[in-house]
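Everything on this sheet refers to the single structure shown next.
The values are calculated or read from the model by the stated rules, or taken from the named source; none is laboratory data. Keep in mind it's a predicted model, so treat the numbers as computed, not measured. Don't worry about glycine lacking a Cβ; one is built from the backbone with ideal geometry, like all the others, and counts go over all protein chains shown.
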Amino acid sequence: MDIREKTWHGLRAASLSIIAGLGHLYLGEKRGYAIIGFGLALAVVSRVLWRPAELLYLSLAIFSAVDAYSIAKRGHGLM
C-alpha cells in the first residue's frame, strides 16, 4: 500500500469514528468493540443521568478518530 492509499484509508477510518470505535473496527482492530461499548455507555449516561457526559463522548470520538488515522497511516496508534 503506498502513501496515498494509506492516507485515504486513514481518512475513511477517521470519518467512521463519528461513532467512537467504528473506525477501529473498519481497520480490523479488536479494541474497537471496547471503545464502542464505552461510547454507548457514555451516551446513555448523558441522556439519563448527567448531561455533560456528551462532552466526554465528543472527546472520545475525536481521540478515536485521531487514533484510527494513526493506525492506518503508521501501523500503530496512540493507545
Determine whether region 34-46 contains at least one residue that is surrounded by 14 or more Cβ atoms within 10 Å (Cβ to Cβ), not aliphatic (A, V, I, L, M) and not in a helix (DSSP H, G or I). no
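I need a count of the residues in region 37-79 that are under 30 Å from ASP2 (Cβ atoms) and hydrophobic (A, V, I, L, M, F, W, C). Break it down into steps so the answer makes sense when it comes.
To start, the set of residues in region 37-79 that are under 30 Å from ASP2 (Cβ atoms) comprises 61-79.
Checking the rest, the ones that are also hydrophobic (A, V, I, L, M, F, W, C) come to 61-63, 65-66, 68, 71-72, 78-79.
The total comes to 10.
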Pairs please, first residue from region 6-28 and in contact (Cβ under 8 Å) with a residue 12 or more places away in the chain, second anywhere and surrounded by fewer than 24 Cβ atoms within 10 Å (Cβ to Cβ) and basic (Lys, Arg), Cβ atoms under 7 Å, 6+ apart in sequence or on different chains. LYS6/LYS73; THR7/LYS73; GLY10/LYS73; HIS24/ARG31; TYR26/ARG12
Among the residues of region 8-33, write down those that are in a helix (DSSP H, G or I) and not aliphatic (A, V, I, L, M). TRP8, HIS9, GLY10, ARG12, SER15, GLY23, HIS24, TYR26, GLY32, TYR33
Residue by residue through region 1-39, note down the ones that are in contact with a helix residue (DSSP H, G or I) (Cβ under 6 Å, 6 or more places away or on another chain) and farther than 13 Å from ALA68 by Cα. GLY39
Applying the selection to region 64-74, what residues are surrounded by fewer than 20 Cβ atoms within 10 Å (Cβ to Cβ) and either among the hydroxyl-bearing types (Ser, Thr, Tyr) or without any contact (Cβ under 8 Å) to a residue 40 or more places away in the chain (or both)? SER70, ARG74
Among all residue pairs at least 6 apart or on different chains, which show Cβ distances below 9 Å where the first residue, located in region 33-47, is basic (Lys, Arg) and the second is surrounded by 17 or more Cβ atoms within 10 Å (Cβ to Cβ) and at pLDDT below 95? ARG47/ALA53
